[in-house]
Amino acid sequence: MATINTHYDKLTAGYLFPEISRRTRTFLEANPGVEVMRLGIGNTTEPLSPTIVKALHQSVDKLADVATYTGYADGSEGEVALREALAKRYSQYGVSLDVSEIFVSDGAKPDSANIQSIFGVDNVVAVQDPAYPVYVDTNVIAGRTGTAVDGQYEGIVYMPCTEENGFFPDVPKQKVDLMYICSPNNPTGVVATKSQLEALVEYARANKAVIIFDAAYAAYISDPALPRSIYEVEGAKTCAIEINSFSKDTGFTGVRLGWTIVPNDLVVENTEPGRVNALWGRRQNTMFNGASNIVQGGAMGVFTEAGAKECADMVAYYMLNAQRIREVLDKIGLKVFGGTHAPFLWMRAPNEMSSWDFFDKLLSEAHVVGTPGSGFGPGGEGYFRLSAFGHHEDVEHAVQSIEQNLTL
Ligand code: MLT
């Protein structure tokens, strides 16, 4: 008789965003005709820029001609031209990468979910608390944890990110094997400084741990002194994997494209250099046939002068929203963090309210949907996230409603 993977039974709730949608639907059913404004999920809203659209069209046209048609690629790693363009981008941050270290994929979410599969099931996993739920849930499903007690899974090391430590974790006191770090951070919107990353790299090297560095929001960093890649820290190539995405600056949330860097220098217990890189290649070639050739061609537009400028404009567009949300939250006296180098704002729920209670209050009074901090782990309880993705006029509408209708 077939059986199911019972590790799924340990997952504490539905995945966060479907749960928010469910609650929003219930509210709308009870309040027909009410217009709800969404500052919840970090989903892009602005159209693809002209240069990207042109590159996508050219990619489609190639498939319409027998002389330029391509089917499966030779491997799943991605087109060499795209990987070379990415390597060139990293060289602008002073990071030198070989093309063989870059694996193009269908997005940062699947990569951050799948990367754990190349590590032993007995690896001890550490996460920032709060954290993007994918890191924890995929390790639960893989069987690396016990059940959840008071919101924390047995076997996972939670690294508290609090107001006191500026929402960046201290290095773990115990020995861990895999550490998930996200900067600029989802959900807190806070970005790590170089010295903070240096401390993590030092810990990882001393403990032979691997940092899984999610840099999906790196394009939102506007201060050149802040690292856009963990490899800007010396020694990081021996202990870190980096994951990134075209979703948030190119607008590819629905188009799907990302990449993961597994340096050849990365070593773990009982492996020689290149082995972890080869393992990720093996995993991808077994379970993935490569990102869409149309999409990879479209992404080449990002690396033209016009495309780069249009993507930077898209980031600036969303950051104007972040600035406006922050302005209003400050004005009404809420305590707000993030939103200066990231498209997320993190705030303390007023009057010691729980995150979900504040979700209900914001929805019923201001008709605005946000994301309860507790959905990102126990450390997020009492906090709330607002996303800066949205059309300017919708965000303006939402913040005016917050200012006028939210009772504090
Ligand atoms: C979020 O709102 O946290 C993001 O949209 C999640 C994602 O990009 O998968």
When the helix-only estimate is applied to the chain (DSSP H runs of n ≥ 4, each -39,500 (n - 2.57), divided by the residue count), what is the mean residue ellipticity at 222 nm, nearest 500 deg cm²/dmol?
-> -11000 deg cm²/dmol
Euclidean distance of C-alpha centroids, the range 67-99 and the range 208-265, integer Å = 15 Å
Answer with one residue from 37, 143, 192: the one whose Cα lies farthest towards the positive end of the charge dipole of the chain, charges on Cβ with Lys, Arg +1 and Asp, Glu -1.
-> 143
Would you list the P(r) distribution for the chain, with all Cα-Cα distances sorted into 20 Å bins from 0 and each bin expressed as a whole %?
-> 27, 58, 16, 0
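What length, rounded to one decimal in nm, is gained on full extension from residue 73 through to residue 270, with 0.36 nm per residue of separation minus their alpha-carbon distance?
Details: separation 197, 0.36 × 197 = 70.92 nm, distance 3.21 nm.
In short, 67.7 nm is gained.
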Helix runs (DSSP H) in the chain reaching 15 Å along axis by Cα, Kyte-Doolittle at least 0.0 = 50-63
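For Cα pairs less than 8 Å apart in space and 6+ apart in sequence, what is the mean separation divided by the residue count of the range 54-128, i.e. the relative contact order in percent? All intermediate terms of the calculation are to be shown ahead of the outcome.
On the way: 31 pairs, mean separation 16.7, N = 75.
After rounding, I find 22 percent.
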Among 20, 156, 332, whose mean-square fluctuation peaks in a Gaussian network model of the chain (Cα, cutoff 10 Å)?
-> 332
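For residue 91 and residue 62, what is the calculated FRET efficiency with R₀ set at 22 Å and r taken between the beta-carbons, to the nearest 0.05? It would help to have the intermediate numbers written out before the result.
On the way: r = 28 Å, r/R0 = 1.27.
Step by step, r from the Cβ atoms, then E = 0.20.
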Of 117, 104, 93, which is farthest along the charge dipole of the range 84-144 in the positive direction, counting Lys and Arg as +1 and Asp and Glu as -1 at C-beta?
-> 93
Please give every one of the lysines within straight-line cross-link reach of residue 62, meaning a C-alpha to C-alpha distance under 18 Å, and leave out same-chain neighbours fewer than 8 residues apart.
-> 54
So, with points 7 Å from each Cα along the Cβ direction, the residue 19-residue 225 label distance in nm works out to 3.9 nm
Length released on extending from residue 173 to residue 31, taking residue separation times 0.36 nm less the Cα-Cα span = 46.2 nm
Using Cα pairs closer than 8 Å and at least 6 residues apart in sequence, work out the relative contact order for the chain, in percent.
-> 23 percent
Could you grab the relative contact order for the range 316-361? Cα pairs under 8 Å, six or more apart, rounded to a whole percent.
-> 29 percent
Cβ-placed point charges (K, R +1; D, E -1), dipole of the chain about Cα centre in debye, nearest 20 = 260 debye
Most fluctuating residue given options 22, 326, 228, as computed from a GNM of the chain linking Cα atoms under 10 Å = 22
Where is the GNM fluctuation largest for the chain (alpha-carbon springs, 10 angstrom cutoff): 258, 370, 143?
-> 143
Cross-link partners among lysines for residue 331, C-alpha distance below 20 Å, same-chain residues fewer than 8 apart left out?
-> 361
Spatially proximal lysines relative to residue 173 (Cα-Cα < 28 Å; intrachain offsets below 8 disregarded) = 10, 194, 208, 237
Euclidean distance between Cα centres, the range 127-151 to the range 388-405, Å = 33 Å
Unit charges on C-beta of K, R, D, E only; dipole of the range 334-408, Debye | 260 debye
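Rule-based calculations on the coordinates, nothing more; no lab input. Being a predicted model, the structure only gives us computed values, none of them experimental. Note: ideal-geometry Cβ built from the backbone for every residue, glycine included; neighbour counts use all protein chains shown.
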